[in-house]
Amino acid sequence: MFISEMLGTLAAKAVSIYLTRQVPLTDAVISISREENLNIEQTKRLVEATNQVAYLKILETAKEYRDWE
């Protein structure tokens, strides 16, 4: 069963797969969507949340790198 609270967790999981395993973000989302048996609307919401999490994580990483130099 899909619960809104799961959205952030699943999005973070997709981003983690993307960053650590260098799997394309789309493939990570598709894999999670299939594992969780999400319907089309739920998958769309997952894509939106994943894009937001990925953007924030990459922005955070860039800021840390810039501060480190």
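The values are calculated or read from the model by the stated rules, or taken from the named source; none is laboratory data. Just so it is clear, the model here is predicted, and its values are computed rather than measured. All Cβ positions, glycine included, derive from the backbone under ideal geometry; neighbour counts span all protein chains shown. With ligands, DNA and RNA removed, areas are computed over all heavy atoms of the protein, side chains included. Shrake-Rupley method; radii C 1.70, N 1.55, O 1.52, S 1.80 Å.
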Could you list, in sequence order, all residues of the range 21-57 that are surrounded by fewer than 18 Cβ atoms within 10 Å (Cβ to Cβ), in a helix (DSSP H, G or I) and touching a Phe, Trp or Tyr at 6+ places or on another chain (Cβ under 8 Å)?
Leu25, Gln42
Subset tally (residues that are in contact with a helix residue (DSSP H, G or I) (Cβ under 6 Å, 6 or more places away or on another chain) and of a type in the set (Ser, Thr, Tyr)) for the range 32-61:
3
When every residue in the range 1-20 that is out of contact with any helix residue (DSSP H, G or I) (no Cβ under 8 Å at 6 or more places or on another chain) and under 18 Å from Ile58 (Cα atoms) is compared, the one surrounded by the most Cβ atoms within 10 Å (Cβ to Cβ) is Ser16
Under 9 Å by Cβ, and 6 or more places apart or on different chains, what pairs join a residue from the range 21-44 that is without any contact (Cβ under 8 Å) to a residue 60 or more places away in the chain with one that is open to solvent by less than 50 Å² (accessible area, probe 1.4 Å) and outside any helix (DSSP H, G or I)?
Ser31/Val23; Ile32/Leu38; Glu36/Phe2; Asn37/Phe2; Leu38/Phe2; Asn39/Phe2; Gln42/Phe2
